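Let me begin by presenting the structure, written as structure tokens, before commenting on it.
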């Protein structure tokens, strides 16, 4: 990691990454819409003394001065938004970033053709743990596919460019379920 003056963490959850980032960034702002997640995050920040500012909000509501963030980090959070709202959220994130700033996205994004969807999703769901093993169960994965808004990479990537980002790198897992992007604000 490199020092980052201002880093915004969207969908920060309980702060696992925010606490790590605080050792590298001079100004970490951890943003999440969930009061329950924020309560746990505030407890961790207080316990560790990490220099993290905690803020309630989401991709569509959080306000930040235009062009003043150096990095926005989003991990497993964009899939909560339907595609229309993803596009608006990406546009908002771009406006928060300075030109040349970085958006790092890790999420569930399907990297396969529609014709392979049933087979690929069934395979993914079959990898779920039993309740006794811990982790995501088959029911959890089926619930994700049913109720969350994960999309295809070939729909998501044009949203990045429309919002004003260049795709510096894109990594896909072998099953075509997860994607990691490094995007630059242009």
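The values are calculated or read from the model by the stated rules, or taken from the named source; none is laboratory data. No experiment lies behind these values; they were computed from the predicted model shown. Please note: Cβ atoms are built from the backbone with ideal geometry, for glycine as well, and neighbour counts cover all protein chains shown.
Run residue 159 past the list (1) closer than 26 Å to residue 58 by Cα; (2) surrounded by 15 or more Cβ atoms within 10 Å (Cβ to Cβ); (3) in contact with a strand residue (DSSP E or B) (Cβ under 8 Å, 6 or more places away or on another chain) and report the number of the one that doesn't hold.
The one condition residue 159 does not meet is (3).
For residue 90, state whether it is under 28 Å from residue 19 (Cβ atoms), part of a helix (DSSP H, G or I) and in contact with a strand residue (DSSP E or B) (Cβ under 8 Å, 6 or more places away or on another chain). Working first, answer last.
Details: under 28 Å from residue 19 (Cβ atoms): yes; part of a helix (DSSP H, G or I): yes; in contact with a strand residue (DSSP E or B) (Cβ under 8 Å, 6 or more places away or on another chain): yes.
The answer is yes for residue 90.
For region 108-136, enumerate the residues that are modelled with pLDDT of 95 or more and part of a strand (DSSP E or B).
Correct list: 108, 109, 110.
When you scan region 13-21, do you find a residue that is assigned to a loop (DSSP other than H, G, I, E, B) and either over 18 Å from the mean Cα position of the chain (by Cα) or surrounded by fewer than 14 Cβ atoms within 10 Å (Cβ to Cβ) (or both), even just one?
Restricting attention to region 13-21, the residues satisfying the condition of being assigned to a loop (DSSP other than H, G, I, E, B) are 13-15.
Filter once more, so that each one left must be either over 18 Å from the mean Cα position of the chain (by Cα) or surrounded by fewer than 14 Cβ atoms within 10 Å (Cβ to Cβ) (or both): none.
Among the residues of region 13-21, not one is assigned to a loop (DSSP other than H, G, I, E, B) and either over 18 Å from the mean Cα position of the chain (by Cα) or surrounded by fewer than 14 Cβ atoms within 10 Å (Cβ to Cβ) (or both), which makes the answer no.
Of these, 124, 64, which one is crowded, with 19+ Cβ neighbours inside 10 Å, touching a residue at least 12 places away in the same chain (Cβ under 8 Å), out of contact with any strand residue (DSSP E or B) (no Cβ under 6 Å at 6 or more places or on another chain) and closer than 23 Å to residue 19 by Cβ? Steps first, answer last, please.
On the way: 124 fails: closer than 23 Å to residue 19 by Cβ.
Selected residue: 64, the only one of 124, 64 that is crowded, with 19+ Cβ neighbours inside 10 Å, touching a residue at least 12 places away in the same chain (Cβ under 8 Å), out of contact with any strand residue (DSSP E or B) (no Cβ under 6 Å at 6 or more places or on another chain) and closer than 23 Å to residue 19 by Cβ.
Those residues that are assigned to a helix (DSSP H, G or I) and either modelled with pLDDT under 90 or at positive phi (or both), I need them from region 22-51; list them, please. Walk me through it before giving the result.
Filtering region 22-51 for residues assigned to a helix (DSSP H, G or I) gives 35-48.
Those that are assigned to a helix (DSSP H, G or I) and either modelled with pLDDT under 90 or at positive phi (or both): none in region 22-51.
Yes/no per residue for (1) in contact with a helix residue (DSSP H, G or I) (Cβ under 7 Å, 6 or more places away or on another chain); (2) within 26 Å of residue 69 (Cα to Cα):
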| residue | (1), (2) |
| --- | --- |
| 86 | yes, yes |
| 117 | no, no |
| 153 | no, yes |
| 173 | no, no |
| 177 | yes, no |
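Can you tell me how many residues in region 75-91 are on the phi < 0 side of the Ramachandran plot and surrounded by fewer than 21 Cβ atoms within 10 Å (Cβ to Cβ)?
Taking region 75-91 and keeping what is on the phi < 0 side of the Ramachandran plot, we get 75, 77-91.
Remaining after also requiring surrounded by fewer than 21 Cβ atoms within 10 Å (Cβ to Cβ): 75, 79-85, 87-88, 91.
Of the residues in that region, 11 qualify.
Looking for whichever is modelled with pLDDT of 95 or more, crowded, with 17+ Cβ neighbours inside 10 Å, assigned to a strand (DSSP E or B) and in contact with a strand residue (DSSP E or B) (Cβ under 7 Å, 6 or more places away or on another chain) here; the options are 105, 72, 54. Which one fits? Talk me through it step by step, then tell me what you get.
On the way: 72 fails: modelled with pLDDT of 95 or more; 54 fails: modelled with pLDDT of 95 or more.
Being modelled with pLDDT of 95 or more, crowded, with 17+ Cβ neighbours inside 10 Å, assigned to a strand (DSSP E or B) and in contact with a strand residue (DSSP E or B) (Cβ under 7 Å, 6 or more places away or on another chain) holds for just one of 105, 72, 54, which is 105.
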